Amino acid sequence: MPKIDDFNFKGKKAIIRVDFNVPLNDKFEVTDDTRIKAALPTIKKVIADGGSAIVMSHLGRPKGKVNPEFSLMHIKDHFAKLLGANVLFASDCVGKEAEEKAAALKPGEVLLLENLRFHLEEEGKPKLPEDATDEEKKAAKAEMKEKQKVFAKALASLADVYVNDAFGTAHRAHASTALIADYFDADSKMFGFLIDSEVSSLDKVLKDPQRPFTALMGGAKVSTKITIIENLLDQVDNLILGGGMIFTFIKSRGGKIGSSLVEDDYLELARTIEKKAEEKGVKIFLAEDVVAADAFSEDANTKVMPADEIEDGWMGLDVGPKTIAALKDVVENSSTILWNGPLGVFEMEKFATGTKEVGQAIVKATEKGAFSLVGGGDSVAAVNKFGLADGVSYISTAGGALLEYLEGKELPGIKAIRG
Ligand code: AMP
């Protein structure tokens, strides 16, 4: 697999899968162009080398139907402005128009294809009546699989080289993110800059971490993070648990948690995790004290309490000062840090201290040479809110794909290229 930095696109047509699934307002104007900006380095590299770029993406969920609401035409001019170059458009991503426009592309030119998801074949989910029998479902799936291959081949036929730069959809085995790669030989398919940096940052953490390696897992519920926590037990030295999920652990130890968030169905699993951690020599850090409130509100009365002796009618909404001091110490002495999920209800000022101060400790550790990776919607929001974004090594905005990578799953979009 070539590295995009080393590849020369001169005279080549590259089909690039990007993630232009951006929010639009009711006038169909782009309201957040972060994802478009993120794809620019790859597209610019192709055209600067003297190649031409065929850019493809999905937008929204048109579910296999042509729907002007989800047309990438809405994005074309914004994209051209950011790119600083003219952008041509094909009103269908496959077929005669796309073929002719792709064939006529000159070095340095860019062609944007219409929404991939106007074709059911992109996602490969067949449409079935609700009362379909298992037999019918099986047959429809097999038929769709064949159609998907034809669709992926048609996209591939537009170009000489395939570049995947859409990490956000790398966990999906879609035509444009995975199947298409089968129609290019190993030296004609590669990751774009975005996926490349995402994968190498994640591998730095998960495959080759400098020790001590500390993971901070926060957020509301343990149920949504359980697979990640289990996978991390094989990798980390320290596991810091924060947010609402700690109360399931504390209750499972026999602690009193008042009316804090708890998932009673997970008490047994919490015990199993603690046991596994002990067996593997992973140190788990659970809050010693919490900032408790008498209501889930910014105006609530608050009190610091031991995390396992929360009074009735009170709920823990942030980690307390003793815990913060202990966590800062662990974090500042770590060489690799992974952070997913806030340590408290950081959206409310009164319960933001833990997330903010431990976030600052991550920045301090990074200044001292640690590698820090922050990922998952809410921790990214927290890092941005507290102005810490420039102080961490890498921020992943990939959502589902990141979570699956952290769970230890092989992502189809990565495998299709890397093998
Ligand atoms: P998640 O999407 O699972 O990462 O959860 C993030 C959300 O968890 C944020 O909106 C936080 O406000 C919330 N959260 C963090 N700590 C607590 C807590 N102690 N009790 C209730 N919710 C919390």
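Restricting everything to alpha-carbon atoms, can you work out Rg to Rh for the range 4-194 with a Kirkwood hydrodynamic radius?
Rg/Rh: 0.98.
Would you tally the net charge around Ala416, using a Cβ to Cβ cut-off of less than 9 Å, leaving Ala416 out, and scoring K and R as +1, D and E as -1? Walk me through the numbers before you get to the answer.
Working: positive: Lys189, Lys415, Arg418; negative: Asp182.
Value of the local net charge: +2.
Of the cross-linked pairs Lys149/Lys409; Lys256/Lys350; Lys101/Lys138; Lys13/Lys127, which ones have a Cα-Cα span greater than 31 Å in the structure shown? Correct reply: Lys101/Lys138; Lys13/Lys127. Net length available on complete extension from Met1 to Val304 is 103.6 nm, with 0.36 nm assigned per residue and the Cα-Cα distance removed. In the chain, helical runs assigned H by DSSP with n ≥ 4 each contribute -39500 (n - 2.57); averaged across all residues and rounded to the nearest 500, the mean residue ellipticity at 222 nm is -11000 deg cm²/dmol. Distant-in-sequence amide contacts of Phe89, defined by a placed amide H-H separation under 5 Å and a gap of 5 or more residues or a different chain, comprise Leu112. Where both bridge residues fall in the chain, DSSP classifies roughly 20% of the beta bridges as antiparallel. Here the peptides 315-322, 326-333 are ranked by packing, the mean other Cβ count within 10 Å, and the order with the highest first is 315-322, 326-333. Qualifying chymotrypsin sites (Phe, Trp or Tyr not before Pro) in the range 19-124, where qualification requires a DSSP coil assignment and no more than 15 other C-beta atoms within 10 Å, comprise Phe28.
Eigenvalues of the Cα gyration tensor times 5, then square-rooted: what semi-axes does that give for the range 22-135, in whole angstrom, largest first? Ellipsoid semi-axes (Å, largest first): 29, 18, 12.
Which residue, Thr169, Thr214, Thr272, tops the fluctuation ranking in a GNM of the chain built on C-alpha contacts under 10 Å? Comparing Thr169, Thr214, Thr272 in a Gaussian network model of the chain, the most mobile one is Thr272. For the chain, the relative contact order is 15 percent, taking Cα pairs closer than 8 Å that sit 6 or more residues apart in sequence and dividing their mean separation by the residue count. Put a dot 7 Å past the Cα of Ala220, heading toward its Cβ, do the same for Glu143, and the two dots end up 4.0 nm apart. Report, in degrees rounded to the nearest 10, the 0 to 90 angle that the Cα long axis of helix 134-156 makes with the longest principal axis of the chain. Orientation of helix 134-156: about 60 degrees from the principal axis.
R0 = 35 Å: FRET efficiency of Glu367 with Lys27, Cβ-based, nearest 0.05?
The value I calculate is 0.20.
For the range 271-322, give the magnitude of the charge dipole about the Cα centre (Cβ charges: +1 Lys/Arg, -1 Asp/Glu; no others), in debye to the nearest 20.
In total the dipole reaches around 480 debye.
Between helix 321-332 and the chain there is an angle of about 50 degrees, using the helix long axis and the longest principal axis of the Cα atoms. Mean projection of the Cα convex hull over all viewing directions, computed for the range 4-72: 5.4 nm². Lysine pair count for the range 21-84 (Cα-Cα distance under 30 Å; residues 8 or more apart in sequence or on different chains): 19.
Springs join every pair of Cα atoms under 10 Å in this Gaussian network model of the chain, and among Lys356, Lys137, Lys76 the largest mean-square fluctuation is at Lys137.
What is the local net charge at Phe167, summed over the other residues whose Cβ is closer than 12 Å to its Cβ (Lys, Arg +1; Asp, Glu -1)? Charge balance near Phe167 sits at -2. Which angle from 0 to 90°, rounded to the nearest 10, does the C-alpha axis of helix 267-280 make with the longest principal axis of the chain? Here the helix axis deviates by roughly 90 degrees. Debye-formula intensities of the chain, expressed as log10 I(q)/I(0) at q = 0.07 Å⁻¹, are -0.41 (one equal scatterer per alpha-carbon, no solvent).
Short-range pairs are left out: with C-alpha atoms under 8 Å and at least six residues apart, the relative contact order of the range 201-406 is 22 percent.
Projected over all directions and averaged, the alpha-carbon convex hull of the range 201-406 occupies 10.0 nm².
Looking at the range 201-406 only, what percent of DSSP beta bridges run antiparallel? Nearest 5 please. Antiparallel bridges make up about 30 percent of those DSSP assigns within the range 201-406.
We did not get these values from a lab; they are worked out from the coordinates using the rules stated. Given the structure is predicted, the values throughout are model-derived calculations rather than measurements. Counting neighbours? That spans all protein chains shown, and the Cβs are built from the backbone with ideal geometry, glycine included.
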